[in-house]
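J.: Quick one: the structure is below, and I'll ask about it shortly.
What follows is calculated from the coordinates using simple rules that are stated; it is not laboratory data. Fair warning: this is a prediction, and the values are worked out from it, not measured in the lab. Positions of Cβ are generated from backbone atoms using ideal geometry, with glycine treated the same way; all protein chains shown enter the neighbour counts.
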């Protein structure tokens, strides 16, 4: 499982030609799975998302987690996280889980997160058209393999 986690100051979100909203102070998590992933890893992934430091303390060091700051969370399935560039102009997605398998794991991950994080969570609709416009100031982007 791969996660790309971004701290976003402002974002506009559109789902299937419908603008959901413009938001402030969100953590955006792009997630996808590989053939080897199972339900057993999902609780660990949910805890990492909520407890991983994203925010600066009073000295400017990144030490505070999402649970401390209570920002909203956006979860987005994204198979391109498993794109590998073996050849100059070709991407290989053979390590990415099939869509049906990934959809089941994604829904389970979202359920785990909802049980441990009681703050607003927007879950991207699987198979939906995705358009996210995001503004990052002092960008924090963390890539995690689980």
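J.: Hey, with R₀ at 25 Å, roughly what FRET efficiency would residue 136 and residue 92 work out to, going by the Cβ-Cβ distance, to 0.05? Walk me through the intermediate numbers first.
T.: On the way: r = 29 Å, r/R0 = 1.14.
The computed FRET efficiency comes out at 0.30.
J.: What is the antiparallel percent of DSSP beta bridges lying wholly in the chain, to the nearest 5?
T.: Bridges in the chain that DSSP calls antiparallel: roughly 80 percent.
J.: Of 86, 44, how do they rank once you tally other Cβ atoms within 10 Å and put the fewest first?
T.: By the 10 Å Cβ count, ascending, the order reads 86, 44.
J.: I've got another one for you. Suppose each label sits 7 Å from its Cα in the direction of the beta carbon; what would the residue 52-residue 146 distance come out to in nanometres?
T.: Each label point lies 7 Å from its Cα, and together they span 0.9 nm.
J.: On a 0 to 90 degree scale, rounded to 10, what angle separates helix 42-51 from the longest Cα axis of the chain?
T.: Between helix and principal axis, roughly 30 degrees.
J.: As a footprinting exposure proxy, order 31, 140 by other Cβ within 10 Å, with the fewest listed first.
T.: Going from least to most buried by this count: 140, 31.
J.: Ok, one more. Hey, what angle do you get for helix 99-116 against the long axis of the chain, alpha-carbon based, 0 to 90 degrees rounded to 10?
T.: 20 degrees
J.: To the nearest Å, what is the center-to-center distance of segment 59-83 and segment 31-48, using C-alpha atoms only?
T.: Measuring centre to centre over Cα atoms gives 15 Å.
J.: Tell me what the chain gives for mean residue ellipticity at 222 nm when only DSSP H runs of n ≥ 4 count, each as -39,500 (n - 2.57), the sum divided by the residue total, rounded to 500 deg cm²/dmol.
T.: Helices in the chain give a 222 nm mean residue ellipticity of -6500 deg cm²/dmol.
J.: Taking 0.36 nm per residue of separation and subtracting the Cα-Cα distance, what length does fully extending residue 12 through residue 64 add?
T.: Once the chain is fully extended between residue 12 and residue 64, it gains 16.2 nm.
J.: Mind sorting out which of (1) 98; (2) 124; (3) 142 is the real volume of the Cα convex hull per residue in Å³ computed from the coordinates?
T.: (2)
J.: With an 8 Å cut-off on Cα pairs and a minimum separation of 6 or more residues, tell me the relative contact order of the chain in percent. If you can, show how the numbers build up before the last one.
T.: Numbers: 272 pairs, mean separation 55.9, N = 146.
RCO, the chain: 38 percent.
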